[in-house]
Amino acid sequence: MERRRSSHRIRQFDCRTRLIRVEYFQWAPLEGPTEKMDKKRNNLSRFLYYGSRWILGGVFIYASYDKILHPAAFSKIIYNYQILPDGLINLTALVLPMLELIMGIFFWVGFWMPGTVILSNILLVSYIGALILNLARGLDINCGCFSTSSGSSINVETILWDAAFLALSVYLTVSVFGQGNGRVPKQVHG
Amino acid sequence: MRISYAWIFHKRFKMLKQKCLQAIWQCSALIVLASLLAFSINYLRNERLHLFGNWTPEARLMDSSGKRLDISLPEAKKLFLQQSVVFIDARPQDDYEKGHIKRALCLPWNEVDRDFMRVTEDISPDTPIITYCDGETCELSHNLAIFLLDMGFSNVRILINGWALWKEEDLPIESGSSTAGQG
């Protein structure tokens, strides 16, 4: 009976508020020997958190590089998507790659994470939407995902890649918004 | 110390609200920062991109002197029947070999540096040339036409969505590789 109660207590630990359930409706700050288990879980979270940040940062910086160098070519690609009004095409061709570059750097250094992850989700959802729309329309156009040169047409593979990046971005959003200070804590209780 | 569900909910809600507010101002700041940087770099660039470009079909299909480059299908058909024009297919060689306009030469835009001299050696600079590719938004024929104009050919036109229109009209086509376009 005592053993059952003890394991029940460990299962009912809330890592965000660092509280443990003591009665059905009552919680208290954690006291007890769960450090080893928490350390293991924390190491995995930190690995996933920093890994996702580095991957997404690299992807955004790599994607921005060629577009910053060739804005005219990128504006043609945006025009071919036939989504934005004419007045916004050049503005997008100039601002979007710079936004991707800044977001990539911020992902790497961990600066302004709440804003960066939200914007990253918005951008990736928009990219996936634009790709699906043009794939459904049957337009054979250059993707412009990582380069402005022709030869990278849109297909299901590009959508799947974007979906994978979106999954990392959503994971980061949950991590950032679930933690007190936007970082994975080094110790669950301390 | 005993804490109730209400206290946990309150603490989480407060934390989330704080994060959401942070996210909103940070998103706005990121967009402003990116815009400022992008406009500054564009201003310092030699070939500046206009902030509000002219994307009308007329503007897109003009050469540097303001002359329209596109040609209509009836006009292209007339020149084809007179045999007074050279058609150049700008699509990749695989697509060309599957089917192309009769007597068209193969000069894929992706291989233009390699094939240009060989394909155009028998064409005089004032010969009418029509470039084409497939699709309303296909840029290959447009890029090739601009390139040929830069190379000194004075009479280059673009048949937009040429391959699809040509097939729809049941005009003469052929498949396989051409002698001039062989790699």
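Details
- Residue match in the stretch A:93-111 (condition: out of contact with any helix residue (DSSP H, G or I) (no Cβ under 6 Å at 6 or more places or on another chain), aliphatic (A, V, I, L, M), within 13 Å of chain B (Cβ to nearest Cβ) and crowded, with 20+ Cβ neighbours inside 10 Å): yes
- Helices (runs of 4 or more DSSP H) contained entirely in the stretch A:40-144, each with at least 3 residues that are touching a residue at least 60 places away in the same chain (Cβ under 8 Å): A:71-81, A:113-137
The rows are residues; the columns are (1) more than 20 Å from the chain's Cα centre (by Cα); (2) part of a strand (DSSP E or B); (3) within 14 Å of chain A (Cβ to nearest Cβ).
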position	(1), (2), (3)
B:103	yes, no, no
B:111	no, no, yes
B:116	no, no, no
B:119	yes, no, no
B:122	yes, no, no
B:136	no, no, yes
B:144	no, no, yes
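- Qualifying residue in the stretch B:63-75 (condition: exposed (fewer than 15 other Cβ atoms within 10 Å of the Cβ), of a type in the set (Lys, Arg), within 13 Å of chain A (Cβ to nearest Cβ) and not in a helix (DSSP H, G or I)): no
- Hits in the stretch B:146-161 (condition: within 14 Å of chain A (Cβ to nearest Cβ) and in a helix (DSSP H, G or I)): B:146, B:147
- Within the option set B:40, B:4, B:35, being more than 7 Å from chain A (Cβ to nearest Cβ) and of a type in the set (S, T, N, Q) holds for one residue only, B:40.
Since every read-out is calculated from the coordinates, none of them should be taken as a lab result. What you see is a predicted model; the values in this text were computed from it and never measured. FYI the Cβ positions are ideal-geometry reconstructions off the backbone, even for glycines, and counts take in every protein chain you see.
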